[in-house]
Amino acid sequence: MLTHLIITYADPLDHSNTVPIWYKLRQTNIAQKWAQRVLLAQEKGYPIDDPSRFYGFGTVAEQEARALAHMKMLTDQISSLRLESLPELASVHDQDTLNFLHHVFEVEHGLLDAKDTSSDLVQLLGELNVHVHRCESIQRGAHPRHVVTYYGLPKTETLTDDDCEYFETDIKFGRVYINYVEIGKTLHDLFLDNDQYIKPDAFRPFNHYSADFAVQLYNDPRLGLVSELETYYNNNKDYFKHLGFSWDELSKRIGNIPVADICNSLLGPNIMGVKEVLGFTENRQYIKQVEIR
């Protein structure tokens with residue numbers, strides 16, 4: 001059995017300024033299967049896509065300004081490579097434009113693994129998708145977390161019914177969750193986004209998983225989420241039934257699957273506190289190394 005995930009955080013400008021933080025792997029089948037995917041990604045030589053993919057640090061105003069500047073750069077570059085220009089995002093709170101940009105990503109990038117990674121346009125569309133979600137993260141509280149993805153690793157593995165028993169609706173500080181890798185949106189996404197552009201085949205409940213993961217650095221109990229989503233499902237029952245999804249099926253895939261929990265400080269096996277971890281990571285927002293032991 002694999003027992004630990006060790007993430008080495010580094011200063012983006014000085015990779016020798018590091019701090020390793022240990023996370024205890026859960027002894028569930030899905031956690032162990034996920035850990036094997038991380039080992040496979042490393043064995044096959046897939047790099048971490050963006051070692052600096054941190055969210056929720058700095059003031060909200062700073063985060064908004066950076067996100068909008070980056071989105072403008074991306075939409076300008078993408079517009080120059082396609083026949084029709086993309087709209088400019090004026091605010092991270094403009095969910096309608098974010099929905100439209102995500103729709104362009106879904107259609108022109110293609111759904112899961114239907115991609116030509118050598119294409120400049122497809123690569124830019126993938127980055128656009130990431131920054132659409134960054135804007136949504138800011139508008140929904142700008143909570144601190146970081147995400148590690150291995151874009152090139154084929155997304156071939158799917159969750160079993162037993163794996164789905166481990167979905168949790170709450171978010172816990174210091175907990176590591178499998179990242180959603182489908183190209184599309186879940187029931188929860190549709191509920192939050194009020195998306196009028198999504199194509200039927202882009203409604204994708206959490207099914208595939210890969211080596212990708214997110215480390216949450218805040219707490220959110222998300223009380224009443226299942227009840228809210230059930231009401232949303234019932235209000236749109238004809239739509240979901242037409243797509244072939246029952247509430248019983250969708251209700252089993254709400255939330256996220258935890259695979260590890262933060263377990264030590266630098267000086268011993270004591271669990272780190274929130275302030276301690278945020279202090280270490282605030283100036284070390286670069287993932288230098290990920291280890292599975």
- In segment 50-75, the residues that are closer than 21 Å to V176 by Cβ and either part of a loop (DSSP other than H, G, I, E, B) or of a type in the set (S, T, N, Q) (or both): D50, P51, S52, R53, G56, F57
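Residue-by-condition table, conditions (1) within 17 Å of the chain's Cα centre (by Cα); (2) among the basic types (K, R); (3) at pLDDT 95 or above:
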{"residue": "Y23", "(1), (2), (3)": "no, no, no"}
{"residue": "R26", "(1), (2), (3)": "no, yes, yes"}
{"residue": "E43", "(1), (2), (3)": "no, no, yes"}
{"residue": "I48", "(1), (2), (3)": "yes, no, yes"}
{"residue": "F54", "(1), (2), (3)": "yes, no, yes"}
{"residue": "V60", "(1), (2), (3)": "no, no, yes"}
{"residue": "A65", "(1), (2), (3)": "no, no, yes"}
{"residue": "M71", "(1), (2), (3)": "no, no, yes"}
- Taking Q27, is it assigned to a loop (DSSP other than H, G, I, E, B) and surrounded by fewer than 17 Cβ atoms within 10 Å (Cβ to Cβ)? yes
- Item | Among (1) farther than 21 Å from D201 by Cβ; (2) at pLDDT 95 or above; (3) hydrophobic (A, V, I, L, M, F, W, C), the one test that L98 misses | (1)
- Item | Considering residues of segment 13-24 that are surrounded by 14 or more Cβ atoms within 10 Å (Cβ to Cβ) and not aromatic (F, W, Y) only, the residue farthest from F54 (Cα to Cα) | K24
- Hey, A142 surrounded by fewer than 16 Cβ atoms within 10 Å (Cβ to Cβ) and among the small types (G, A, S) or not: no
- Condition broken by P47, with the remaining ones in (1) in contact (Cβ under 8 Å) with a residue 12 or more places away in the chain; (2) surrounded by fewer than 16 Cβ atoms within 10 Å (Cβ to Cβ); (3) part of a strand (DSSP E or B) satisfied: (3)
- Could you check how many residues of segment 30-44 are surrounded by fewer than 20 Cβ atoms within 10 Å (Cβ to Cβ) and either in a loop (DSSP other than H, G, I, E, B) or in contact with an Asp or Glu (Cβ under 8 Å, 6 or more places away or on another chain) (or both)? 2
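The values are calculated or read from the model by the stated rules, or taken from the named source; none is laboratory data. Since we're looking at a predicted model, the values are computed, not measured. Note that each Cβ is placed from the backbone with ideal geometry, even for glycine, and that neighbours are counted across all protein chains shown.
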